[in-house]
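To start, the structure itself, in structure tokens.
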Amino acid sequence: MKKLKVQNYTQGMNDAPVIIVGAGPVGLRFLEEFSTLRPATELKIFTGEPFKPYDRVKLSQLLARDILEEEIYTPVPTLAKLELFDNCPITSIDRSKNLVQDASGNWHSYSKLVLALGSSPFVPNIPNIDIKNVFTFRNLKDTQALAARNLSSRHTLVIGGGLLGLETARAMQRNNTRVTVVQLGKHLMDKQLDKGAGLILQTQVEKSGIEIICARLVSEIIVENNNLNTNRPQVKGAKLDNGTVIECDTIIISAGIRPRTDLARQHGIAIDKGIKVNEHLQTSDHNIYAIGECAQFKDQLFGLVAPGFEHASVVAHHITGENTRYEGTIKASSLKVVGQKVFSVGETNPEVGKSITQYIFNNPSSGIYRSIFTINNRLVGALAIGEWPEQNRIRNSIIERRKIYWWHILLFKLSGFVWNYQQEEDIRTWPPSMVVCNCTGVTRGQLTAAYENGACSVEKISNETRASTVCGSCRPLLSGFTNETNTKNTVEGLGWLKWTSLFLCILLAIYWISGPLPFAETVQQIRYDQLWLDSLFKQVTGFSLMALATFSLLMSLNKRCKWFSLGKFTSWRIIHVLLGAIAAIILLAHTGINTGDNLNFWLMTDFLLILLLGGLTGLFISKEQNFKAKTGKKFRSQLTWAHTFLFWPLPTLLFFHVLSVYYF
Amino acid sequence: MTRYWSWLGWLIITSTLGGFFTYTLFSSDKSVFLIGKTTDGHHQIELACENCHLSSFGGTELLQEACEGCHLEELKEVRDAHPKRKFTDPGNADRVAILDARFCVTCHREHREDITNNMGLTVPEDVCFLCHEDIGNERATHSGLGFNTCGNSGCHNFHDNRALFEDFLVENADQPWLKASPLVAPLTRAEHLILTATTSQSQIPDFFQPALNQEIVENWSSSIHANADVDCATCHSSVDESWTPEAILKNCDGCHERQSSGFQLGKHGMRLASGLDAMTPEKARIPMHENASAKALTCSSCHGSHDTNIQFAAVEACMGCHNSDHVNAYPKSRHGEITARVFAGEAALESAVSCATCHMPRESALVGGQSITHVQHNQNDNLKPNDKMLRTVCMNCHSLAFSIDALADETLISTNFNGRPTLHVESIDMAIDRRAILQDRDTTYH
């Protein structure tokens, strides 16, 4: 018997392994995340399919022979503490003893059970649905069957014009098979797209040779009475609800999916449409979690892989004792459907409520259709056919329910872009040498390296590369990198930064306008000009300026040196700008805004420019979120550099200024 | 990498800039450290820093020493109305608190064009108010006058008040505008000698024979130098000497010490005195003839090397470079016409009013009990403020009242006094009025 290791980290955890049921992408992602967090914990993963774990998302590509079978398998991390049971579904759970029974009858004890059961295809109740040559398309087995059938099919009918239906239709076209899609909804992909987009998509799909019939129901499958094959009746055609008969030899049902809830239901775990979970993704039995497509959070079901990955991460952290919560995912998809880019995020059904407003940009000549949805001027949804370079920003803005203004809408209606349209938001498309984090100088290439080395969350990338550990403004960009959508930009003190910078800029503008202050014209008044004429005053103000300049360097120290980390960078930044503003005031007392000649002129000009660039940089940073990330980053980097570069000669100029004052 | 390069970049900039400033600090051209435009008085010698900044990290006391080095003698001569001792006297400590006049730089800061007024004053023009606030009560004649008018031409001069004090004004009231026989100061001994010089028979040294130039020999042999046995060898020791402006000054200085030092105090010679290269018209801030711009100023610029033509030195030499309205109007002015007659031999030499008559006047001084007349070679001596000319120059021929009015009339100055003054300064009237009041008061009390 194996001797169990002492596990000193567990909190309320016994020594039994964590068991994962289901080796789909979500189950595997959980495995990956959890084993990184707790490499010493034993793990068992069960899959009912007789295959190694594979990537379900790629099945339609496999069916279309775009990829080879080897390419769909997902590598399972080789962990000492991991046992993989394939072709071995879990049949029973003994919740009172924390045991599960597999198909071979063996019992396995678990400390936590993670159900990643996925979903099964929905098969509508149509007469003759179970006859030969009627297929579903969900798993590798289905794929193999369809691939075989594809060779002899002349006309394939696909029931369902959703994402999977269209992909299947495309795949089945391969051997010059005629393909017809029957869609119950009013237009294609009616869950994700509005009518306009649906119609455009339909045109595109029809161009590729697929026939589309919308708003029709298959009411009956017609059986061929073929005497040669009497074993099992087979498909001859399909009858639609208007009586039309479509002759076909193959029918694929792609009418949606249903969460697999049987195992849960049989063992008294609360279910609704899916397995009900709380904000920690625990089922009604708190030792059992449900993630991915089988889970139901509040009223939400999940049909895409991205939320499932989030679930995996939340549960992995929760099991290790962190109080992670799941707050729901805004449904978002960015996919290629029949070679056409389709993007959909958030609320895209204009009929959902009266308060929703839809704006459309349609440019048929370039095949671009875009639409945004707002409630009270806040972005709640968007969809698009064709490329939309802004889509990451749109998605983040919808998550954050960003406000948009009339000029955004005007721009959108005119150009199809809500913001500026010149650059790509997605940092993955940036050149590898481009700096993403200005504070630490981390480039896109370094981030990719970290990402590929397994840092798959913003937090991990940040820890690994130190990117976004200083001012945090590039955090949303990192999230674009990892596809996490709930990372809000939480830079502190931007308000302060804005107002101090603004004050500084205004002060400098006043100096610019006023020019040198006049000297007193008479001795019969208060000699205010003594401030910048009297030697004692000048020494006081001069050395104060020097001290301010030195003190403000502490921010740079804080930013650049790991060993100097006193307080938060964001606070230092505000202090830095504040010191600049104070320096601008003292500079007035020191010089009366006289620039002087030669060395003094250079020093004064340099100092004023440093202050100005600093003020502008501060102002820009406080407003950076209004700019496109790449533009903003570039501009900010240039401003910061100019500010820094202008500082370079300052110590020398200042030294010789002070020296010359006493020397001569 | 970026960090490494930026540190390197910073180091390069710092060391380049630092090296440049350090080098400059020890080089002869320190103009990089000039904090502003130097005043008209000192701009010629602004790069001879050590002339005023006697030592590095010297401070105000050393600056004061430098000011006094050039200007103290002059101040003593003119009986400075506000001498240092008025302020250093312990009994007058309160005055120092108001205006620290122990130091020239209190009122005359250099390199501060932005606050520089007339006469290099860098305090507001009404500075007199600080001590003389009550003047209106003391003198009814002054009540209501603005404090910024104290220094007006013909009124007061902070340092040289010799021609403007009350007794002098009263004494010189009521005179005709032009004297019956207007003659300037008597000729100097040199001038007498020049006028009486004959052709000398002195020998030319042998080693000069090959290089001899007949014109030079003629010039020299009819000059005062030949008459005074100052032969070639006095100045020349070989033929291939190079006569730089510095060398010429040094050579003349051997005999003409007084003239040479006057020259070096004025604007024509102050650069040479400071060890800089000689002044040239192109370095001047006042209008000069372009074709003269490169002429280096030394003794021989006006006096010639071998001839001793005093008429040339008195007018032509000046007009060869200077190009202001005042200068250009001279030949046709009254003064110019008189001088032309004198040069033509039609009038006595003492009645000539040349450029030099006013700007390099003959002055008499007692030397060993004897009154010696010499020419003031510091052209700046009586130039600013122009009321310094009243006693030494103008009043030789004109009344005080006329002179005061004329010097206050800037249009008249630019036409070189071609006409009569159009304005009137009330200095004498005020002095007389006050005398009358005081006498009245005396009469009443006695």
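Can you spot the aspartates and glutamates whose alpha carbon is less than 12 Å from A:K336's alpha carbon? Ignore those fewer than 8 places along the same chain.
Reachable aspartates and glutamates: A:E167, A:E387.
Using the Karplus curve 6.51 cos²θ - 1.76 cosθ + 1.60 with θ = phi - 60°, what ³J(HN,Hα) values do you get for each residue of segment B:95-103, in whole Hz, with x for Gly and Pro?
Those phi angles translate into 5, 4, 5, 6, 8, 7, 7, 5, 10 Hz.
Exactly which chymotrypsin sites (Phe, Trp or Tyr not before Pro) in segment A:546-640 are in a DSSP loop and have at most 10 other Cβ atoms within 10 Å?
When the chymotrypsin sites (Phe, Trp or Tyr not before Pro) of segment A:546-640 are filtered for loop state and at most 10 Cβ neighbours within 10 Å, A:W563 remain.
List B:D440, A:D194 from most exposed to least, where exposure is judged by having the fewest other Cβ atoms within 10 Å.
B:D440, A:D194
Find which of A:L84, A:N558, A:S104 sits farthest along the positive direction of the dipole of chain A, computed with +1 on the beta-carbon of Lys and Arg, -1 on that of Asp and Glu, about the Cα centre.
A:S104
What is the set of long-range amide H partners of A:F627 at a cut-off below 5 Å, with H atoms built 1.01 Å from backbone N?
Under 5 Å from the amide H of A:F627: no residue qualifies.
Given the options B:H53, B:H132, B:H268, which has the most mean-square fluctuation in a GNM of chain B, springs set between C-alpha atoms less than 10 angstrom apart?
Ranking B:H53, B:H132, B:H268 by mean-square fluctuation puts B:H132 first.
Please state, as a whole number in µm²/s, the translational diffusion coefficient that the Stokes-Einstein equation yields for segment A:524-664 at 37 °C and 0.692 mPa s, with Rh defined as the Kirkwood radius across alpha carbon pairs.
My calculation gives 199 µm²/s for D.
Defining a contact as two alpha carbons under 8 Å apart and six or more residues distant in sequence, what relative contact order in percent does chain B show?
Dividing the mean separation by the residue count of chain B yields 17 percent.
Within the set of other residues whose C-beta is less than 13 Å from the C-beta of A:L533, count the net charge using Lys and Arg as +1 and Asp and Glu as -1.
Here the count lands on +1.
In nanometres, what is the gap between the two model label sites at B:T234 and B:E215, each 7 Å from Cα along Cα-to-Cβ?
My value for the distance between the label points is 2.3 nm.
So who's got an amide H within less than 5 Å of the one on A:A103, skipping anything under 5 residues away but keeping other chains? H placed 1.01 Å off N, in plane.
A:T91
Considering all projection directions equally, how large on average is the shadow of the alpha-carbon convex hull of segment B:309-386, in square nanometres?
One quarter of the hull surface, i.e. the mean projection, equals 6.3 nm².
Order by neighbour count: A:D285, A:D66, fewest other Cβ atoms within 10 Å first, most last.
Fewest-to-most ranking of A:D285, A:D66: A:D66, A:D285.
List, in order, the whole-Hz ³J(HN,Hα) value for each residue of segment B:361-378 obtained from phi through the Karplus relation with A = 6.51, B = -1.76, C = 1.60 and θ = phi - 60°; use x for Gly and Pro.
x, 6, 10, 9, 9, 7, 10, x, x, 10, 7, 10, 9, 9, 8, 6, 8, 8
What's the local net charge at B:D409, with K and R +1, D and E -1, over the other residues with C-beta under 15 Å away?
-3
If the reach is capped at under 15 angstrom between alpha carbons, list the aspartates and glutamates near A:K44, excluding any in the same chain fewer than eight residues apart.
Partners within reach: A:D15, A:E32, A:E33, A:E83, A:D86, A:D102.
When the Debye formula is applied to the Cα atoms of segment A:37-82, each taken as the same point scatterer, what base-10 log of I(q)/I(0) results at q = 0.19, 0.31, 0.32 Å⁻¹?
The calculated log intensity ratios at q = 0.19, 0.31, 0.32 Å⁻¹ are -0.70, -1.15, -1.18.
Based solely on its DSSP helices, what 222 nm [θ] is calculated for chain B when runs of n ≥ 4 H residues each add -39,500 (n - 2.57) and the sum is averaged over all residues, nearest 500 deg cm²/dmol?
-10500 deg cm²/dmol
Using only atoms on other chains, find how many Cβ atoms lie within 10 Å of each Cβ of peptide A:657-664 and report the average.
Taking the mean over all residues of the peptide, I get 6.
Determine, for each peptide in B:280-286, B:402-408, A:461-467, A:33-39, the mean count of other beta carbons within 10 angstrom over its residues, then list the peptides with the highest first.
So the peptides B:280-286, B:402-408, A:461-467, A:33-39, ranked by packing, come out B:402-408, A:461-467, A:33-39, B:280-286.
Kyte-Doolittle cut-off -1.0, length cut-off 20 Å along the helix's own axis using Cα: show which whole DSSP H helices in chain B pass.
B:2-25, B:60-77, B:427-445
Using the number of other C-beta atoms within 10 angstrom as an exposure proxy, rank B:S143, B:S6 with the fewest first.
B:S143, B:S6
Where a ≥ b ≥ c are the square roots of the eigenvalues of the C-alpha gyration tensor, would you call the protein assembly as shown rounded, which needs a/c under 1.5, or, failing that, prolate if a/b is larger than b/c, or oblate?
Prolate, because a/c is 1.5 or more and a/b exceeds b/c.
Per-residue mean of other chain beta-carbon atoms within 10 angstrom of the beta-carbon, peptide B:122-132?
Mean inter-chain Cβ contacts per residue within 10 Å come to 3.
As I understand it, the dipole of segment A:170-269 uses +1 on the Cβ of Lys and Arg and -1 on the Cβ of Asp and Glu, about the Cα centre. Which of A:C214, A:M189, A:V235 lies farthest toward its positive end?
A:M189
Is there a simple number for the mean count of other chain Cβ atoms within 10 Å of the Cβ of residues in A:641-649, and what is it?
Mean number of neighbouring Cβ atoms from other chains: 3.
Please grab the % of Cα pairs in chain A that end up more than 47 Å from each other.
Counting every Cα pair in chain A, those more than 47 Å apart make up 34 percent.
Per residue of segment A:177-190, what does 6.51 cos²θ - 1.76 cosθ + 1.60 with θ = phi - 60° give for ³J(HN,Hα)? Whole Hz please, x for Gly and Pro, Karplus curve as stated.
Values per residue, Gly and Pro as x: 6, 6, 10, 10, 10, 10, 10, 6, x, 6, 8, 5, 6, 5 Hz.
With the cut-off at 1.5 for a/c, could you classify chain B from its C-alpha gyration tensor as rounded, prolate or oblate?
Cα axes put chain B in the oblate bin.
Mind ordering B:323-331, A:44-52, B:229-237 by average Cβ neighbours within 10 Å, highest first?
Order by mean packing, descending: A:44-52, B:323-331, B:229-237.
Can you give the helix-only mean residue ellipticity at 222 nm for chain A, where every DSSP H stretch with n ≥ 4 adds -39500 (n - 2.57) and the sum goes over all residues, rounded to the nearest 500 deg cm²/dmol?
It lands at -12000 deg cm²/dmol.
May I ask you to order B:104-113, A:76-85 by the average number of other C-beta atoms within 10 Å around their residues, highest value first?
Ranking, from highest mean packing down: B:104-113, A:76-85.
For the charge dipole of segment A:281-371, defined by +1 on Lys and Arg C-beta atoms and -1 on Asp and Glu C-beta atoms about the Cα centroid, which residue among A:F309, A:N323, A:Y359 has the Cα displaced farthest towards the positive pole?
So the residue we want is A:Y359.
Go through A:K58/A:K186; A:K52/A:K141; A:K58/A:K341; A:K341/A:K460; B:K30/B:K283; A:K239/A:K331 and tell me which ones have a Cα-Cα distance over 24 Å in this structure.
Table pairs above 24 Å Cα-Cα are A:K58/A:K186; A:K341/A:K460; A:K239/A:K331.
What do you get for the angle between helix A:629-647 and the principal long axis of chain A? Use alpha-carbon atoms, 0 to 90 degrees, nearest ten.
20 degrees
Values in this text are rule-based calculations from the coordinates and carry no lab data. Everything quoted here is computed from the prediction, not taken from an experiment. Heads up, the Cβs are rebuilt from the backbone with ideal geometry, glycines too, and the neighbour counts pull from every protein chain shown.
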